[in-house]
Amino acid sequence: MKRRTFLEASGTAALLCTVGGAKLESVSLEEVEEADRAAAALTRKRSRTTQDRVDKLTFTTPEPAPGGQKREYWIQARPATWNFAPTRRDQWMDRPIRGRRTFRAFAYQLFSAGFGRALLPPLIPGPTLEAEVGDTIVVHFRNADTRFNQAVTLHPHGVKYTPDYDGAYDGDFTRDDGFVSPGEEFTYVFECPPGSVGVWPYHDHGPNHTLNTLRGLFGAIIVRERGAPRPDVEKVLFLHTFPPQVTKGIPRVIQCINGRSAAGNTPTIRAKVGQDVALHVIGGDGNFHTLHIHGHRWKDSRGGAITDCPTLGPNETITARFKEDNPGRWLYHCHVFSHQDAGMAGWYLVDP
Amino acid sequence: MKRRTFLEASGTAALLCTVGGAKLESVSLEEVEEADRAAAALTRKRSRTTQDRVDKLTFTTPEPAPGGQKREYWIQARPATWNFAPTRRDQWMDRPIRGRRTFRAFAYQLFSAGFGRALLPPLIPGPTLEAEVGDTIVVHFRNADTRFNQAVTLHPHGVKYTPDYDGAYDGDFTRDDGFVSPGEEFTYVFECPPGSVGVWPYHDHGPNHTLNTLRGLFGAIIVRERGAPRPDVEKVLFLHTFPPQVTKGIPRVIQCINGRSAAGNTPTIRAKVGQDVALHVIGGDGNFHTLHIHGHRWKDSRGGAITDCPTLGPNETITARFKEDNPGRWLYHCHVFSHQDAGMAGWYLVDP
Amino acid sequence: MKRRTFLEASGTAALLCTVGGAKLESVSLEEVEEADRAAAALTRKRSRTTQDRVDKLTFTTPEPAPGGQKREYWIQARPATWNFAPTRRDQWMDRPIRGRRTFRAFAYQLFSAGFGRALLPPLIPGPTLEAEVGDTIVVHFRNADTRFNQAVTLHPHGVKYTPDYDGAYDGDFTRDDGFVSPGEEFTYVFECPPGSVGVWPYHDHGPNHTLNTLRGLFGAIIVRERGAPRPDVEKVLFLHTFPPQVTKGIPRVIQCINGRSAAGNTPTIRAKVGQDVALHVIGGDGNFHTLHIHGHRWKDSRGGAITDCPTLGPNETITARFKEDNPGRWLYHCHVFSHQDAGMAGWYLVDP
C-alpha cells in the first residue's frame, strides 16, 4: 500500500504544515520526510534588505526585579525512543493495547548546571519551569538533535521577553533565538511580571514547529505570586496526540495525556481529603478538548462559574483547583468522545 | 457497496470508540455491530488482584441535608423507534426532508413510583431531574434493553456522589453502579451541595458509552438554590448528532436539537415580552458548538461578558438568560455552518 | 479527475450546506453550482397559510434614543475578483506562494450618501459600522450581484432589531429584510441599547448564506459607550477560510485573516510603546480558533483571567486589549497548527 493511501485508510485527518522553503498541505509520510529534509536544509539568515525599523532595534537582557531571583535551567532537545503505553493495557476499557507502542520522539531533557549531567531522561512533557513574580527564567538551551537534523527552539507563553528571546522562527526576520541548529546552544531569558502569574506552555517554534511539537517538544511554565505556597497536589496535564505522521506507521491517532495513552499509562494522580488540589490542563496539539473529573466540580479559572467540563484550545490552559472532599477512584478524561475512547483518560485516586 | 465504503462516501468523520475487550477506531457499520456484540458479551466483574487501597473503601449512602428533600425518580433505559423529523420539513430552509427519518434509538423513560406506569414515552433527551441545594436525587434505574443486549448506566455531571454512584464503567475497578445489565435495576443517589447549582447533563457511561450516548441516552439535571423561583420560560437544549453509525444507513450526519432535526421539528420555544427566559444549552455529542439567538444578547453564564454566540464543548453547559424585550419570530441555531445547515436550528416565538 | 475526487484529494473537509429547495451535504464543485442555481431560482414569498400570530405582528422603525444619532451607511454586495496573497510570499515561512491566488469573491462595498460614489473597493471584511449607545445604525443595502444571481442580506450580531430588520431568510416566514434580490435595495435599522456595547460580526443570512459568507460577505460592528474614546490602535481581525468550494479549484483550504493569507499579506499592525491597543478577533468561518500574540498577554474579554491564547468559535468575538509595553517584531496567529501553518498569521510591529 502506498503510504498516502495508508494514511487515508487510517482515518487520519490531514495534517497541514509548512516549513521554510517547502509547502506541505496534506501530509503523507513522504511529505513528513520532505518537511524534515527541507527543514534540515535551512540555514540561519537574517536579511539586511527587507528589514523594518523595528528589526534594527537592540535590547538589553533583563535582570530580576528587586528581590527577584534568576531561575536557571539547562535543557537540551534530543531524539528519544518513546513508549506511549508502557503497561500494554488500557485499564479503563480493560483491554490490551496491541501493536507497536514506541516511536522516535523529540523531547526536552533537564540537565544540571553547565550541562554537567542529565537530571532526568528526555520527557514528554519536558521539565516544568517554575518562578515567582519578579524573577527571570534563564534557559540554557542546547539542540542535541542527532537524528532529525534541524533547528529547534524554546518559545514560552505567558512570560515577557524581548524579540531576542522569543524563540520563534520569523523567516527573513529571524534573530538568533529562533534558529538553534543541531549542536548549537542559545540562552533564553524570560521576565515574570505580575501579569504572568499562571501556568503556561512552552514549545518548539523553529521552522518545522508543528511536526517537532507534535513529536514531543513541549513543556510547562508555572509563575506564582511572590511567596505563594504551592498547592498540596499540583499536576500539569497536556492533552495531545501522536498522529501517524509522527509515529511513522502506527495506523491510528494516539490520544495522550503527558505522552502516554490510556488509563494506567497516563498519570495516575493521588490526593487526600482536605488537600488543596490544582490540575493545570493545557491543550498540547491542534485540537480542542474538555476536561471532566468524575466526582468533582470547581470554579472555572477563566470566568469563575462552577464547571466540571470546561473547553480548552491549542496552547490554552485551564486550572481545576478545589479542596478535595471526595475519596475513591475517579476517572479524569477529555470529554470529546473520540479522544476519551482512544486513550485521553486517566485515574485520580483520593484517600480518605 | 460495502458498508465501510458507504460510510466514507457519506462524508462521515470516523467515529472512534472502544468497548471493554474490543478496540474500534474507524467505525464502520460492521464495527458498530462488533462493538455491540463485544459489549453484549461483557459480564460484570471486579478484580480482587489489581485493587488499590481506594478500591477497598466503603461508603455510606447520603441523606438529604437538614431541610432538604429526597427527590425520587424511576427511569428506565430502553430501545425506541425514533423519528428525528416528524413534520418531514425543514421550515427554515423551506424544503422537504426526504428519505428515512426513523431509526432504533436508545432512550431514558420516566415512570411513576415503583415503576408503576410510564409517565412519558422514551424521550431524547430523557426526563429532567430537578432538585435544590441540600436535596438528594434518587434515581431508581432499570435497564429495559431488549435489543442491544448490553449494560448501560446513568452518570451525572455537576452533583456529588460517592464511587458507589458514579455510574461509570471502570474496567476491573467497576462497582455495581457502572454495569447495569439488561433486566437489572440499580438505585443511584446523588447529593446537591451548594457548588452544584446549575444545569448539567447526565448520560450513559457503561462499557459502550459513546455509541449508546449517541443513540440517545442523555438528559439534564437542574439544581437550584433552596427556594429559588423557576424562570418564567425555561428550556434545556441539547446540541447533538445522530451519525450514520447510529441511524444504520442514513448517509449523512443528522444535526439535532433535543433529538429532532431542522426548524419545525426541533423545539419551538414560546415566550412573552417581560418574561424571565432561561435557555440551558448543553453539548450532547463529541463536537464543539455555539448558540446564536437572533434578536437577543445576554450575559455569558461563564464570564459575565455580553454575548450572542458563545462556544460550548461536549457535555459543557451555557445558559442564555435574559428578560424578554423583543417580540417576533426568531431563529436560534448553532453557528457552526455545517451544523446549522444540516438541522441544528429552531424557532423562538415571542408574543408582545 | 472528477471534481468530487479532486476535492477529496485536496483533503478538504466536507462542507455541508443547504439552500431553500435543495439539500446539499458533501459539497463538491458541482454541488456548489447546484446550490447557486437553486438559490438563483428562489423567489421571495411569504406564506399566508402557515403563519403563527407572531408573524402577523407589525413593528415601528426605531429612532435614536434622546441624544443619540442616526449613523447612516450605504453598502452594496457585489462580486469581486479577490487576491488572497498580493505579495506572493509567506514572510513568516520565507517561501513563495505558488499557483493561482485570485478567485471570484462576494464582498460588501461602502458608498457615499445615496449610493453617490464608491468610497472603498469591495473589501473582505466589509466596512466597519460604528455607533454609540443610543444611536441607530441605518444601512442602505443594495444587492449589486451580477454574477451569482441570488438574494443576499446583511444580518447583524450584538445590536437590537425587530423582525423587520433581522436580515435572515426564514423560509415561508421571511420578511422583506431576509431576501434582497439582485438589483434590489433594502434599508436596515438597528438599535444600540446599552447591552450592545462591544464588537460584533455582520454577515449574509440569505438562502445561500454559508457559501456567500465564505465567499466574503461579512464585516464588523463596533458599539461604544456614549462618548467613549477610541483605543489608540484598534483593529478588527476575522479568522476565516476560503475552501476549494469557494475558490473553485485551488486544491487547498486558504487560511486567512481579513481575506488575506500568510504574514506579509494579512494585516501588519503597528503600535508604539505606551499606546492603548485593542485587537478585536472574530471567528469568520465554521471552525474554532485561538489567538496568540507573541510577547503579550492580556485580560480575557470574557472572564477577566490573564491569557495569551483564548479560544473563539464561529461568529464569536474576543478582544485583546492592553497597554503596549514591548517593542519589536511579533507574530500573531491562530494556534491551531493546521491554520497557522496555512496562512492564519500576521505581523505586529511595535515601535519604542
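Less than 19 Å apart at the alpha-carbon level, and either on another chain or at least 8 residues along: which aspartates and glutamates does that give for B:K235?
B:E130, B:E132, B:E225, B:D276, B:D285, B:D300, B:D308, B:E316, B:E324, B:D325, B:D351
May I ask you to report, in nm to one decimal and beginning with the shortest, the distances from B:L119 to the same position in the other copies, taking label points 7 Å along Cα-to-Cβ?
6.0, 6.0
Sort C:R98, A:R53 by accessible area with a 1.4 Å probe, largest first.
C:R98, A:R53
Need one word for chain A: rounded, prolate or oblate. Basis is the Cα gyration tensor (sqrt eigenvalues a ≥ b ≥ c); a/c below 1.5 gives rounded, then a/b vs b/c decides.
Numbers: a/c = 1.88, a/b = 1.12, b/c = 1.67.
Oblate.
In sequence order, what are the phi-derived ³J(HN,Hα) couplings for the stretch B:267-272 according to the Karplus relation 6.51 cos²θ - 1.76 cosθ + 1.60 with θ = phi - 60°, rounded to whole Hz, with x for glycine and proline?
x, 8, 9, 10, 8, 10
Rounded to the nearest whole Å², what accessible area per residue is found for the stretch B:61-123 with the 1.4 Å probe? Let's see the in-between values first.
Numbers: 3100 Å² over 63 residues.
On a per-residue basis, the stretch B:61-123 sits at 49 Å².
Give, as a single signed number, the net charge of other residues whose beta carbon lies under 10 Å from the beta carbon of B:Q76, with Lys and Arg counted +1 and Asp and Glu -1.
0
Provide the FRET efficiency to the nearest 0.05 for the A:F115-A:D276 pair, computing r from the beta carbons and using R0 = 30 Å.
Numbers: r = 36 Å, r/R0 = 1.19.
Rounded to the nearest 0.05, the efficiency is 0.25.
Which of rounded, prolate or oblate describes the stretch C:132-259 when judged by the alpha-carbon gyration tensor and an a/c cut-off of 1.5? Don't skip to the end; give the middle numbers.
Working: a/c = 2.44, a/b = 1.22, b/c = 2.00.
In terms of gyration-tensor shape, oblate.
Just the ratio, please: alpha-carbon radius of gyration of the stretch C:192-345 over 2.2 N^0.38 Å, N its number of residues.
Details: Rg = 15.8 Å, N = 154, 2.2 N^0.38 = 14.9 Å.
Rounded to two decimals, the normalised Rg is 1.06.
Could you work out the local net charge near B:P86, counting Lys and Arg as +1, Asp and Glu as -1, over the other residues with Cβ closer than 12 Å to its Cβ? Show your work: numbers first, answer last.
Values: positive: B:R88, B:R89, B:R101, B:R260; negative: none.
Net local charge, B:P86 excluded: +4.
For the interface of chains B and C, what total accessible area is buried with a 1.4 Å probe, rounded to the nearest 100 Å²? Each step should come with its number before you reach the end.
Working: alone 15460 and 15440 Å², together 26960 Å².
In total, this chain pair buries about 3900 Å².
Of the heavy-atom accessible surface of the stretch B:196-280 (probe 1.4 angstrom), what whole percent is carbon and sulfur?
Numbers: 950 of 1970 Å².
Result for the stretch B:196-280: 48 percent of the exposed heavy-atom area is carbon or sulfur.
Given the options B:V277, B:H155, B:T241, identify the residue whose Cα lies farthest towards the positive end of the charge dipole of chain B (+1 on Cβ of Lys, Arg; -1 on Cβ of Asp, Glu).
Going by the Cα projections, it comes out as B:T241.
Can you grab the distance from the C-alpha centre of the stretch A:42-67 to the C-alpha centre of the stretch A:289-345, Å, no decimals?
Computed from Cα coordinates, the inter-centre distance equals 40 Å.
Rounded to whole Å, how close does chain A get to the rotation axis onto C by Cβ? Give me the residue too, please?
A:G303, 2
Distance from a point 7 Å along Cα→Cβ of A:T61 to each backbone N in the stretch A:185-229: keep the residues under 14 Å and list them by number.
From the stretch A:185-229, the list is A:185-191.
Got the relative contact order for chain B handy, in percent, Cα pairs under 8 Å and 6 or more residues apart? All intermediate terms of the calculation are to be shown ahead of the outcome.
Numbers: 896 pairs, mean separation 54.7, N = 352.
Normalised by residue count, the contact order of chain B is 16 percent.
Mind listing the phi-derived Karplus ³J(HN,Hα) values for the stretch A:122-127, rounded to whole Hz, using 6.51, -1.76 and 1.60 with θ = phi - 60°, and x for any glycine or proline?
x, 10, 10, x, x, x
How large is ³J(HN,Hα) for each residue in the stretch B:190-203, as worked out from phi by the Karplus curve 6.51 cos²θ - 1.76 cosθ + 1.60 (θ = phi - 60°), to whole Hz, x for Gly and Pro?
Going residue by residue, I get 10, 9, 10, x, x, x, 9, 4, x, 10, 9, x, 10, 6 Hz, with x marking Gly and Pro.
Just give the residues from the stretch C:328-345 buried by at least 50 square angstrom of accessible area in the all-chains context relative to the isolated chain, probe 1.4 Å, and say none if nothing qualifies.
Residues meeting the cut-off: C:R329, C:W330, C:H335, C:F337, C:D341.
Can you compute the helix-only [θ] at 222 nm over chain B? Use -39500 (n - 2.57) per DSSP H run of at least 4 residues, normalise by all residues, nearest 500 deg cm²/dmol.
Result for chain B, helices only: -2500 deg cm²/dmol.
Could you please state how large a percent of the accessible area of the stretch B:88-169 is carbon and sulfur, counting protein chains only and using a 1.4 Å probe?
Numbers: 1240 of 2680 Å².
Result for the stretch B:88-169: 46 percent of the exposed heavy-atom area is carbon or sulfur.
How much FRET efficiency would the formula 1/(1 + (r/R0)^6) give for A:D232 and A:R37, where r is the Cβ-Cβ distance and R0 is 51 Å, rounded to 0.05? Spell out each step's value before the answer.
Numbers: r = 49 Å, r/R0 = 0.96.
After rounding to 0.05, the efficiency reads 0.55.
Along Cα→Cβ at 7 Å, what distances in nm separate the C:E225 label point from those on the other copies, shortest first?
Shortest to longest, the spacings are 2.7, 2.7 nm.
Provide an ascending nm list, one decimal, of label-point separations from B:R321 to the equivalent residue in each further copy; define each label point as 7 Å from Cα along Cα→Cβ.
2.6, 2.6
Rounded if a/c is under 1.5, else prolate if a/b is larger than b/c, else oblate: which is the protein assembly as shown, with a ≥ b ≥ c the root eigenvalues of its Cα gyration tensor? Walk me through the numbers before you get to the answer.
Working: a/c = 1.39, a/b = 1.00, b/c = 1.39.
Cα axes put the protein assembly as shown in the rounded bin.
The values are calculated or read from the model by the stated rules, or taken from the named source; none is laboratory data. In this text, all values refer to a predicted model and were calculated from it rather than measured experimentally. Backbone-built Cβ (ideal geometry, glycine too); neighbour counts: all protein chains shown. Quick note on the areas: whole protein, heavy atoms, side chains included, nothing else; ligands and nucleic acids left out. Shrake-Rupley method; radii C 1.70, N 1.55, O 1.52, S 1.80 Å.
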